[in-house]
Structure formats: C-alpha cells, structure tokens
C-alpha cells in the first residue's frame, strides 16, 4: 500500500459514484475486460504461480496443521488453474502458448514479492490471492463470452481462505512482534500488486486505460486490502 489511502471524487461518467461501494467496483472493472483468450491465459498463469507459492509454503510450515491448511489452499488453486486450462483446450488452444505472453509481467511481479521469510510468504498468499481473485472476478463481469459466468464462479471460490486467515492470526497471537513485520510487508505488497493491475487494465478490449478515470477502482481495491489486513489485526 504505497498510496491512495484517501478516497478521491469519482468521475461523473459510468464508473459510478464512490459511495456506491462494491457496485462501483464491479461496473468500473467490467468496462476494462479483455478478450476471452488473453483473459484465460493471464488468469491461468497467475493461478499457476499462486499454486506454486502455496506448495512451497507447505514445505516450510512449522506444524502439521499449517501444512494441511496450505495444502488445501494449493489444491483449490490448482483446481482453478486446471479448469481455466480445460477451457483453453476446449477452444482449440494449448494452455502454455496462451499463457506465454503474460509470463514476463507475472514473473517480474513474483520476483518483487519473493521472500525467504515463511510468515511473509504466507501473508502474500492470503493477501495477493484474495486481491487478485476479486480483481479478476470483477473484471470477468465484462467478458463478452458465454464462459463469463463460469469464470466468475471459478475466481470467487473461497474454500480454505478462512482457515488461512485463522492460521495467520494464530501465528501473530503466538508471536506479537510478528505483527509489525507483517504489517510492513502487507503495505509493500499492495503497491506491487496495483502495478500489475494497471498493466492488466491496459489489455482492455473496449476502453483505453486512463489513470484518472480508474482511480476509484484502485481506491476500492486498496480498501478491500485494508479490510483483510484489519481482519488480522495488522495496521494498513
């Protein structure tokens, strides 16, 4: 969270008023939906990276309980990725070829948020997974394709997320000084994540990306990030 804590006034056109809450976010992002094939390739690759992150976290987990929670997160994320890949194949394409154009952008992002600290890594899985799943589900509202509803349903799958939040909360309760370190990490994460989100909006099939017009969208994304941080007792 590098900036944008304060709400700004919304543009007068269809992005909607800021006090419209989630509806403003839904309408704003839907306008920037890309074509279906880039959408599938980008989301499939991102889910693959999130799966790999969860799988790595299992290895360093300090207890069987935490291993179990992280393994379930990895399993749910892999299922999402495979369902997206299945749709790519159904359309006559190879998933690795459809994902390939988006690997540099996502790989650079993963490198920026990489950490050897297990707690920071798990916080990344929780915050980044939640932010991106919500972001892409809202973006999918604007897909001009029959796969729209299934894409939204895949990305809104929340199994294991409450357990992951409880795992992090328990780790913080057992080691209170951990909260300060994780709060700093959470603030860093949101800035890097918003950079990727801006790049995604530039792929829009129907609207040019103009920073001032989408500021309300990013402010709402940050507000959602803050709510997740607050839920862990971390100062955003």
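Taking the Cα atoms of the stretch 173-228, the ratio Rg/Rh between the radius of gyration and the Kirkwood radius comes to 1.14.
Listed from fewest to most Cβ neighbours within 10 Å, the set 212, 63 follows the order 212, 63.
For the stretch 18-129, the calculated P(r), taken from all Cα-Cα distances in 5 Å bins from zero up to the bin holding the longest distance, is 2, 11, 18, 17, 17, 16, 12, 6, 1 percent.
Roughly how large, in nm² to one decimal, is the mean projection of the convex hull of the alpha-carbon atoms in the stretch 79-168? Mind showing how you got there, number by number?
Details: hull surface 26.8 nm².
Seen from a random direction, the Cα hull of the stretch 79-168 projects 6.7 nm² on average.
Sorting 125, 226 by the number of Cβ atoms found within 10 Å of their own Cβ, with the fewest placed first, yields 226, 125.
Across the alpha-carbon atoms of the stretch 117-221, the computed radius of gyration and Dmax are 16.2, 49 angstrom. Considering all C-alpha pairs of the chain, those separated by over 24 Å amount to 44%. On the principal axes of its alpha-carbon atoms, the stretch 63-108 has extents of 42, 28, 9 Å, going from largest to smallest. Per-residue Cβ neighbour counts within 10 Å put 152, 172 in the sequence 152, 172, beginning with the fewest.
Read-outs throughout are calculated quantities, based only on the coordinates presented, and are distinct from any laboratory measurement. Not measured: the values here are computed from a predicted model. FYI the Cβ positions are ideal-geometry reconstructions off the backbone, even for glycines, and counts take in every protein chain you see.
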